[in-house]
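Just below is one structure, and these are the notes that go with it.
The values are calculated or read from the model by the stated rules, or taken from the named source; none is laboratory data. Just so you know, these numbers come straight off a predicted model, no measurement behind them. Note: ideal-geometry Cβ built from the backbone for every residue, glycine included; neighbour counts use all protein chains shown.
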Ligand SMILES: Nc1ncnc2c1ncn2[C@@H]1O[C@H](COP(=O)(O)OP(=O)(O)O)[C@@H](O)[C@H]1O
Ligand SMILES: [Mg+2]
């Protein structure tokens, strides 16, 4: 079946088992051009594992992964990148001893295994564009290892953008950032989606998720317990009980249970 108009990422039936643990079970995820789609859920819910499967870093146990109409399941990560997908990591993975501009340049080559092609003027122009877009141009020649925390998070995104991805997966891009940095990062994410990129966001700050997302998927123990518009998710009793932290029912009175 051809991809629906505007649909850049279509994941269906995605399942990944680790021994006896089903980390991701029957996940359906769709992101259209210009959308921000968020995945939330407690630690261990399977969010990062889903990203690892979509990017080709680990093999799914089952499921389909279609990127811009093309089946990418089973492709090596650099081929998935070449098909138009980029990601950032939950724990920052920068090249600490390289400059900000050099880090972004490396992102440009993520789709070309082994850096075997010549550097072109277009690559340098793309680096400049990414630095301008992410507000890092002034830090271009600084070492990545010396940046403030929010700028390190920003640089991860700049490096991912360097390959001109059509789909961008962000794994907790604001984790550890202070409220000001968080807000700035969310504005950057909104700007990225406004350019037509499909963004899939993993983020724990529910207020931020609800304000930026077109749709939200909620995972618990690998299973999707809710999917919908932010307003629908906020009202969902299962989500409130499982994740938003307000119990559905008061604690059961154990003494009363025993007596009965
Ligand atoms: N490489 C792995 N080997 C074994 N178990 C794993 C591996 N990666 C993740 N898991 C397990 O899969 C589950 C989901 O983990 P993860 O995807 O990291 O969750 P989240 O990102 O939502 O916090 C957890 O139970 C975790 O221990
Ligand atoms: Mg994770």
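Go through 120, 148, 158 for me and flag whichever is more than 16 Å from ligand 2 (Cβ to nearest atom) and surrounded by 13 or more Cβ atoms within 10 Å (Cβ to Cβ).
The match here is 158.
If we keep just the residues of segment 28-51 that are assigned to a helix (DSSP H, G or I) and within 16 Å of residue 225 (Cα to Cα), which is nearest to ligand 2 (Cβ to nearest atom)?
The extreme case among them is 47.
Within segment 196-216, the set of residues being away from ligand 2 (no atom under 15 Å from the Cβ) and part of a helix (DSSP H, G or I) comprises 206, 207, 208, 210, 211, 212.
Across segment 35-58, the qualifying residues are those that are away from ligand 1 (no atom under 13 Å from the Cβ) and either under 12 Å from the mean Cα position of the chain (by Cα) or at pLDDT below 95 (or both), and the one among them that is surrounded by the most Cβ atoms within 10 Å (Cβ to Cβ) is 36. Of all residues in segment 59-91, those being surrounded by fewer than 17 Cβ atoms within 10 Å (Cβ to Cβ) and within 16 Å of ligand 2 (Cβ to nearest atom) number 3. Would you confirm, using the coordinates I've provided, whether residue 219 is touching a residue at least 40 places away in the same chain (Cβ under 8 Å) and either closer than 28 Å to residue 95 by Cβ or in a strand (DSSP E or B) (or both)? Yes: the conditions hold for residue 219. Taken together, the residues in segment 197-210 that are surrounded by fewer than 21 Cβ atoms within 10 Å (Cβ to Cβ) and at pLDDT 95 or above amount to 0. Consider segment 163-195 and keep the residues that are modelled with pLDDT under 95 and within 20 Å of residue 111 (Cα to Cα). The one that is nearest to ligand 2 (Cβ to nearest atom) is 163.
Would it be correct to say that residue 25 is away from ligand 1 (no atom under 16 Å from the Cβ) and either surrounded by 17 or more Cβ atoms within 10 Å (Cβ to Cβ) or in a loop (DSSP other than H, G, I, E, B) (or both)?
Values: away from ligand 1 (no atom under 16 Å from the Cβ): no; either surrounded by 17 or more Cβ atoms within 10 Å (Cβ to Cβ) or in a loop (DSSP other than H, G, I, E, B) (or both): yes.
Here the answer is no, as residue 25 does not meet what is asked.
Would you confirm whether any residue within segment 73-82 is more than 30 Å from residue 145 (Cα to Cα), within 12 Å of ligand 1 (Cβ to nearest atom) and assigned to a loop (DSSP other than H, G, I, E, B)? The answer is no; no qualifying residue exists. Looking at segment 5-17, is at least one residue in contact (Cβ under 8 Å) with a residue 12 or more places away in the chain, part of a strand (DSSP E or B), within 24 Å of residue 209 (Cα to Cα) and within 16 Å of ligand 1 (Cβ to nearest atom)? Yes, there is a match, as at least one residue in segment 5-17 is in contact (Cβ under 8 Å) with a residue 12 or more places away in the chain, part of a strand (DSSP E or B), within 24 Å of residue 209 (Cα to Cα) and within 16 Å of ligand 1 (Cβ to nearest atom). The number of residues in segment 52-66 that are under 19 Å from residue 168 (Cβ atoms) and either in contact with a strand residue (DSSP E or B) (Cβ under 6 Å, 6 or more places away or on another chain) or assigned to a helix (DSSP H, G or I) (or both) comes to 6.
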